[in-house]
Amino acid sequence: MNLSLVDPFVLAQDCPEVITGRLRSGHSTSIRFSHRGDLLASGRHDGIVVVFDIETNGVARKLRGHTRQIQSLSWSTNDRFLLSAGQDWKCVLWDLKDGSRVRTVRFESAIFIAELHPKNHMMFAAALFEDQPVLVDMSDELPKKHTLPTTPRRPPTDKNEKKAAQDAKQTTTVTVFTPSAEHILAGTNKGWLNIIDARTFELLHSYRPTNSLIVLIRMSQSGRDVVLNSSDRIIRTFVLPDLSDPKLDFNELQLTVQHKFQDLVQRLSWNHVTFSSAGDYVAATTYMNHHVYIWERGQGSLVKILEGTKEELSVVEWHPFRPFVAAIGVDSGRVWLWSILQPQRWSALAPDFVEVEENVEYIEKEDEFDIQPAEELHKRRLDQEDEEVDVLTVDPVKTSTQHEPGEFRMPVLLDIEASDSEDEIVAIGAGQFRRRSPGAGREYMNDDEVSVSADEARRTNGTSTTGTKRRRA
């Protein structure tokens, strides 16, 4: 019924226009929409992962398992599992059915980004700081880590000892799966884009679109379009061939940049980039700027600049199938939301009701104001009351063809204390509030992380093995 109230012209628009809301639960540092688009995961500065309900803008779940800032988030295809990577050098796989931790994988170095396997939620690829990227299999209790190659594959005519020594020092800064899950795209700090076989871990092809560090790689839902953000202040897009085609020869593969997006006047540095739901637009946030820039990929022109905030924006994400953009404010940690204002057509509720722009002369019908018998009016009223209204059936939601959401829906938690949107304020009674004590609710940080030594335990209990004994006088 709500869909019938929306103007069809508004539904045809595919680009957001104005700020329509904001979300806040702690200080957000990373966000990611679920494949169905009804949930938004937000990683906070204190290591807590918050799941927002997009329809109500409320907190649907809070996940506690990290002790440092959340670096990246990744959803499984059915939206049941969520992978979070933190600056505490570990990745946690969450089951949103009950909010439990399925697996916890620790590394020996910091994590740039971790991405779940599109078809197997027990596998993920991670890019590590000053270390080789890995493909982790969490099927067993003890995860198996498979090292992925980083050294680019140069043509035979471009090989020498000097370049080989330089390539050996490269590190992978970002990894992402293709939608078919057969290949992994990896970017290095020297501007190389490597295509890796996800089953054999073999480097199939290397392409160097830039000489600078590759910050982020994103793919469209079709898997054919790639957007690349690098530290040289240029956003590049290019089209990939069908990597699953058995006739494709990677030795003859030639990738060319389709568009380059940059600000030639202010020389802005881009913080984060993303594709629109259909891949027709590219959105990006900038360093020391409070705007979101949107380009269309047909002609490569700038079509819109989203305004409304007064702080720098970091991570930006586009809804999977709606003209809806979310971005994080660096200073406040709020999640700002841009969408389209939807004026409602109330004439849809009454077929005889017509909206007019100006006063018009009304022509009365012949029997419009005739007095009707009370019995007939009562009968009509009873007939209308007997009409059954279906309020339980859920209409199918338009989703992408690549990511089928399945039948899983996250259970609703009727816990008011856990669903508050502002952690700083705690309800202590009817109409009474206070600020939360520092460190309250963070006992989870000690779980499986810090083991208390025997000396500390004895010191805590007030006993000691050294020193003199006192006698009671």
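If you filter the range 132-161 down to residues that are under 29 Å from the mean Cα position of the chain (by Cα) and among the basic types (Lys, Arg), you find that the one that is farthest from VAL102 (Cα to Cα) is LYS145. The residues in the range 99-120 that are touching a Phe, Trp or Tyr at 6+ places or on another chain (Cβ under 6 Å), closer than 21 Å to ILE48 by Cα and not in a strand (DSSP E or B) can be counted, and the count is 3. Among the residues of the range 119-127, is there at least one that is touching a residue at least 60 places away in the same chain (Cβ under 8 Å) and open to solvent by 10 Å² or more (accessible area, probe 1.4 Å)? Yes - at least one qualifying residue is present in the range 119-127.
Considering only residues in the range 308-339 that are over 20 Å from ARG36 (Cβ atoms) and basic (Lys, Arg), the one that is farthest from the chain's Cα centre (by Cα) turns out to be LYS310. Of all residues in the range 156-184, those satisfying the criterion of being of a type in the set (Val, Ile, Thr) and either surrounded by 16 or more Cβ atoms within 10 Å (Cβ to Cβ) or touching a Phe, Trp or Tyr at 6+ places or on another chain (Cβ under 9 Å) (or both) are THR171, THR172, THR173, VAL174, THR175, VAL176, THR178, ILE184. From the list LYS90, LYS144, LYS159, pick out the single residue that is at pLDDT below 90 and out of contact with any helix residue (DSSP H, G or I) (no Cβ under 8 Å at 6 or more places or on another chain). Every option except LYS159 fails the conditions. Beta carbons closer than 7 Å, at least 6 apart along the sequence or on distinct chains, pair a first residue in the range 10-27 that is surrounded by 13 or more Cβ atoms within 10 Å (Cβ to Cβ) with a second that is of a type in the set (Phe, Trp, Tyr) and modelled with pLDDT of 80 or more for CYS15/TYR281; PRO16/PHE324; PRO16/TRP338; ILE19/TRP336; ILE19/TRP338; THR20/TRP338; ARG22/TRP336; LEU23/PHE52.
The criterion of at least 2 residues that are farther than 25 Å from PHE129 by Cα and open to solvent by less than 50 Å² (accessible area, probe 1.4 Å) is met by the following strands (runs of 3 or more DSSP E) wholly inside the range 212-294: 235-239, 259-261, 281-286. Residue count for the range 35-59 under the criterion of being buried (at least 23 other Cβ atoms within 10 Å of the Cβ) and among the polar types (S, T, N, Q): the result is 1.
The values are calculated or read from the model by the stated rules, or taken from the named source; none is laboratory data. These numbers were taken from a predicted model, which means no experiment stands behind them. With ideal geometry, Cβ positions are generated from the backbone for all residues, glycine too; neighbour counts draw on all protein chains shown. SASA here: full protein model, heavy atoms, side chains in, ligands and nucleic acids out. Shrake-Rupley method; radii C 1.70, N 1.55, O 1.52, S 1.80 Å.
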